[in-house]
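The values are calculated or read from the model by the stated rules, or taken from the named source; none is laboratory data. If you're wondering where the values come from, they're calculated on a predicted model, not measured in any experiment. Positions of Cβ are backbone-derived with ideal geometry, glycine not excepted, and every protein chain shown enters the neighbour counts.
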Amino acid sequence: MKALRHKKSAGEYLAYLSVKHEVDPSKFFSALRQAFFEKTAECEHLHVECRGKNQTNCILSIRNKSQVLAQFKVTSDFLLSDENSLSRFMETEKIRKLILRRTSTVQSHFIKDLRSGMTHVNLRARILHVAEPRRVITRYGNYANVAKALIEDETGTISLCLWNEQIRSVSVGDTVQIGNARASTFRGERQLTLGTRSVINSAETKLPLIASTFHT
């Protein structure tokens with residue numbers, strides 16, 4: 001059994017499990033809580049079971065059919081706190097590397113070819129502009145900061161929605177590698193959105209900003 005005291009944090013480890021086994025982190029955390037109270041819970045293709053608990057700790061196991069994927073101890077306080085959300089642990093280096101490994105062999109896209117509804121979008125682009133962040137309430141009832149950025153590659157430009165730590169991770173002039181994004185249309189404008197399994201990393205050192213010559 002893996003002890004979470006050897007991990008950087010319980011949230012980081014649980015967020016890593018959600019990405020590793022390709023389940024939504026919010027649904028995964030809800031399933032862990034449900035198993036705490038009801039002994040078992042389902043989360044997409046995963047089965048969660050509470051193997052034992054006391055006033056301070058809970059032992060949980062994660063299975064896919066008959067195979068045990070993980071078994072660990074987590075504190076009851078962490079599991080039951082309304083302030084905890086796995087989404088805020090998604091920017092750790094271990095998770096970013098895992099997502100990048102999965103997207104490294106996937107086809108790279110160009111901005112001109114993006115169509116609304118496309119998923120698993122991977123591309124390399126330059127940051128042209130980052131708007132001031134806005135404070136919003138997500139569909140899960142959490143507060144978050146969101147900012148719209150304008151990015152370009154050699155084929156065109158598109159808006160990119162950045163959330164929380166992602167906003168501080170980029171600057172105008174940066175060239176970034178974006179993985180596992182989704183293309184959509186909002187109020188007639190094409191945009192890329194980053195979900196909990198998306199990643200954005202610096203592709204190289206900052207380059208001088210040049211005026212875009214593309215027209216959309």
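The rows are residues; the columns are (1) more than 14 Å from Ala125 (Cβ to Cβ); (2) part of a strand (DSSP E or B).
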site	(1), (2)
Ala147	yes, yes
Ile151	no, yes
Gly173	no, no
Ala181	no, yes
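Just give me the residues in segment 115-143 being in a strand (DSSP E or B), out of contact with any Leu (no Cβ under 9 Å at 6 or more places or on another chain) and over 19 Å from Asn180 (Cβ atoms), in sequence order.
Result: Arg134, Arg135, Val136, Ile137, Tyr143.
Taking segment 142-170 as the search range and keeping residues that are of a type in the set (Ser, Thr, Tyr) and modelled with pLDDT of 90 or more, which one is surrounded by the most Cβ atoms within 10 Å (Cβ to Cβ)?
Applying the filter and picking the extreme gives Thr157.
Taking the options Ile167, Ile137, Ile158, Ile127, name whichever one is assigned by TED's automatic domain parsing to the domain that holds Arg197 and within 14 Å of the chain's Cα centre (by Cα).
That would be Ile167, the only listed residue that is assigned by TED's automatic domain parsing to the domain that holds Arg197 and within 14 Å of the chain's Cα centre (by Cα).
Conditions tested, residue by residue: (1) over 30 Å from Gly156 (Cα atoms); (2) surrounded by 15 or more Cβ atoms within 10 Å (Cβ to Cβ); (3) of a type in the set (Asp, Glu); (4) not assigned by TED's automatic domain parsing to the domain that holds Gly173.
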{"site": "Glu22", "(1), (2), (3), (4)": "yes, no, yes, yes"}
{"site": "Phe37", "(1), (2), (3), (4)": "yes, no, no, yes"}
{"site": "Glu44", "(1), (2), (3), (4)": "yes, no, yes, yes"}
{"site": "Asn54", "(1), (2), (3), (4)": "yes, no, no, yes"}
{"site": "Ser61", "(1), (2), (3), (4)": "yes, yes, no, yes"}
{"site": "Lys73", "(1), (2), (3), (4)": "yes, yes, no, yes"}
{"site": "Leu79", "(1), (2), (3), (4)": "yes, yes, no, yes"}
{"site": "Phe110", "(1), (2), (3), (4)": "no, no, no, no"}
{"site": "Thr119", "(1), (2), (3), (4)": "no, no, no, no"}
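Does Arg51 satisfy the condition of being part of a strand (DSSP E or B) and modelled with pLDDT of 90 or more?
When the stated conditions are applied, Arg51 passes them.
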